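Nothing in this text is a laboratory measurement; each read-out follows from the coordinates by a stated rule. Quantities reported herein were computed from a predicted structural model and do not represent experimental measurements. Because the Cβ atoms are built from the backbone with ideal geometry, glycine has one as well, and the counts that use them run over all protein chains shown.
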Amino acid sequence: MQDALRERATDLASLLRDANTCVYVCGLKGMEQGVLEALSDIGQLQGLDWPALHDTMKREGRLHFETY
């Protein structure tokens, strides 16, 4: 999953800049950290303040992980 995110970093950054974008990740618990790291890396490379964006998206219910 995180490899696919990195391959589409430019597209993903564009979506993350949109206040209407929601991210929903469902799958194995072990992939959660990798996805968060990929989002952080993409944010840094694309000039996004990922820590602030992460907090905003979580607070607004636009970032959700359903892992097992």
Original post:
List, please: which pairs have Cβ atoms under 6 Å, are six or more places apart or on different chains, and start with a residue in the range 1-18 that is of a type outside the set (A, V, I, L, M) and end with one that is assigned to a helix (DSSP H, G or I)?
Top reply: Gln2/Gly34; Gln2/Val35; Gln2/Ala38; Arg6/Ala38
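Condition first: of a type outside the set (S, T, N, Q), assigned to a loop (DSSP other than H, G, I, E, B) and over 19 Å from Met1 (Cα atoms). Now tell me which residues in the range 11-68 satisfy that. Give the steps one after another, and end with the answer.
In the first step, residues of the range 11-68 are kept if they are of a type outside the set (S, T, N, Q); the result is 11-13, 15-19, 22-32, 34-39, 41-43, 45, 47-55, 57-66, 68.
Next, only the ones that are assigned to a loop (DSSP other than H, G, I, E, B) stay: 17-19, 22, 28, 47-49, 60-62, 68.
Scanning the range 11-68 gives Arg17, Asp18, Ala19, Gly47, Leu48, Asp49, Glu60, Gly61.
Determine, yes or no, whether Arg59 is free of Cβ contacts under 8 Å to residues at least 12 places away in the same chain, of a type outside the set (Val, Ile, Thr) and exposed (fewer than 12 other Cβ atoms within 10 Å of the Cβ).
Yes: the conditions hold for Arg59.
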